[in-house]
Amino acid sequence: MMAFLGEVFPQVEGMFAIDHLDEERLIMRLHSDDRHLRPGGTVSGPAMFSLADVAAYVATMAFVGKQALAVTTHCSIDFMRKPVAGRDVLAHAKVLKLGKALSVTDVLLYSEGSDKPVAHASLTYSIPPK
């Protein structure tokens, strides 16, 4: 799956890694570095949004196969607490509903080593017709 992601989105190569993927959930990692920080030394909202979006995309592809033209049609994200500086951010993603045309994924983001979520996102992906 990471090879596919690097092929269709070369601009994010090296930013993310898959820690776990099965039928139930995906755990994806944002390799946090200086380019992901905002003033104050914390991971920025756009970086966390990117992680949630890519995690939902990969989780959907795990079910429907490699379909590069699947697109985000909806995202709602709540930022709940400041991520811990200097730590990677982990996305725990679960596909809640998979239909012929749409998938709905729930994503919780955590600072590595913490059990308190830093953000929660709900994303819908449009799956192209076969």
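The values are calculated or read from the model by the stated rules, or taken from the named source; none is laboratory data. Owing to the predicted nature of the structure, the values given are computational and were not obtained by experimental measurement. Ideal geometry is used to build each Cβ from the backbone, glycine not excepted, and the neighbour counts take in all protein chains shown. SASA here: full protein model, heavy atoms, side chains in, ligands and nucleic acids out. Shrake-Rupley method; radii C 1.70, N 1.55, O 1.52, S 1.80 Å.
When L90, L98 are screened for being more than 21 Å from V8 (Cβ to Cβ) and not β-branched (V, I, T), only L90 passes. Residues considered: V71, V84, V58. Of these, the only one that is more than 18 Å from T124 (Cβ to Cβ) and among the hydrophobic types (A, V, I, L, M, F, W, C) is V84. Here is the figure for region 85-110: residues that are touching a residue at least 40 places away in the same chain (Cβ under 8 Å) and closer than 19 Å to S44 by Cβ total 9. Here the strands (runs of 3 or more DSSP E) wholly within region 4-121 that include at least 2 residues being at pLDDT 90 or above, open to solvent by less than 70 Å² (accessible area, probe 1.4 Å) and in contact with an Asp or Glu (Cβ under 8 Å, 6 or more places away or on another chain) are 26-30, 71-79, 89-98.
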